[in-house]
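If you scroll down you'll find the structure; I have some questions about it.
The values are calculated or read from the model by the stated rules, or taken from the named source; none is laboratory data. Note that the coordinates shown come from a computational prediction; the quantities given were computed from them, not determined experimentally. Cβ: placed from backbone, ideal geometry, glycine included. Neighbour counts: every protein chain shown. Note: areas computed on protein heavy atoms with side chains; ligands, DNA, RNA excluded. Shrake-Rupley method; radii C 1.70, N 1.55, O 1.52, S 1.80 Å.
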Amino acid sequence: SIPRCMSFSSDIKKFAEKGKIGYNDAVNNSLQRISRSIIFMTPVALVDGGRARGNWFASLSSYPTTASDSKAVNMSQVQAVTENAAGKVFYLTNNLPYIGKLEYGGYPNPSSGDKTINGFSTQAPKGMVRISIENFEQGLKESVSKLKP
């Protein structure tokens, strides 16, 4: 079986070739699209009033290890990083200690409030990252198949 990242890269390359756009632009657009999806699917009021959403940071070749007190989404930082991402390892990271619970569940069950149910966030009960990747891969395949050779 082909590793997921190789297949993903191959799909992006096919999209760029079929669409007559540059590989760099295809990578840039693809990474911005999936990053935007992950960031804006992240709940804003579960624990911190937006800090989880504001702590997504993009980087190349290494990942940041600190968290921020910011609650503001910084899409311009993501856009700046994706401009040079072709051929490099791209990271979208969130280092808040509870981001894993938002993605995979694990909150106390039964909950003491109305923000969780059965240990999962009511705003993102199936996570953000997994859904964004699944939706992105499907959307990319559909886009490639619709382009004329």
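Name the single residue that is farthest from T66 (Cα to Cα) among those in region 90-102 being open to solvent by less than 80 Å² (accessible area, probe 1.4 Å) and not hydrophobic (A, V, I, L, M, F, W, C). Please lay out each step first, then the result.
Kept after step one, since they are open to solvent by less than 80 Å² (accessible area, probe 1.4 Å), are these residues of region 90-102: 90-96, 98-100, 102.
Adding the requirement that they be not hydrophobic (A, V, I, L, M, F, W, C) leaves 91, 93-95, 98, 100.
Numbers: Y91: 14, T93: 10, N94: 9, N95: 6, Y98: 14, G100: 15 Å.
Ranking the qualifying residues of region 90-102, first place goes to G100.
Kindly establish whether K88 is over 14 Å from N55 (Cβ atoms), modelled with pLDDT of 90 or more and over 16 Å from the mean Cα position of the chain (by Cα).
It is true that K88 is over 14 Å from N55 (Cβ atoms), modelled with pLDDT of 90 or more and over 16 Å from the mean Cα position of the chain (by Cα).
Another one. Restricting the search to region 103-126, which residues are modelled with pLDDT of 85 or more and open to solvent by less than 80 Å² (accessible area, probe 1.4 Å)?
E103
Restricting to region 61-82, and then to whatever is modelled with pLDDT of 90 or more and out of contact with any strand residue (DSSP E or B) (no Cβ under 9 Å at 6 or more places or on another chain), can you tell me which residue is most open to solvent (accessible area, probe 1.4 Å)? Give the derivation first.
To start, the set of residues in region 61-82 that are modelled with pLDDT of 90 or more comprises 75-82.
Those left that are additionally out of contact with any strand residue (DSSP E or B) (no Cβ under 9 Å at 6 or more places or on another chain): 75-76.
On the way: M75: 27, S76: 77 Å².
Only one residue tops the list, namely S76.
Filter region 120-139 for residues that are touching a Leu at 6+ places or on another chain (Cβ under 9 Å) and in a loop (DSSP other than H, G, I, E, B) and give the result.
Within region 120-139, T122, Q123, A124, G127, M128 meet the criteria.
Going residue by residue through region 18-35, is there one that turns out to be surrounded by fewer than 17 Cβ atoms within 10 Å (Cβ to Cβ), at pLDDT 75 or above, in contact with a helix residue (DSSP H, G or I) (Cβ under 9 Å, 6 or more places away or on another chain) and of a type in the set (A, V, I, L, M, F, W, C)?
There is no residue in region 18-35 that is surrounded by fewer than 17 Cβ atoms within 10 Å (Cβ to Cβ), at pLDDT 75 or above, in contact with a helix residue (DSSP H, G or I) (Cβ under 9 Å, 6 or more places away or on another chain) and of a type in the set (A, V, I, L, M, F, W, C).
Under 6 Å between Cβ atoms, which residue pairs at least 6 apart in sequence (or on different chains) link something in region 84-110 that is of a type in the set (V, I, T) with a partner that is in a loop (DSSP other than H, G, I, E, B) and open to solvent by 90 Å² or more (accessible area, probe 1.4 Å)?
T93/Y63
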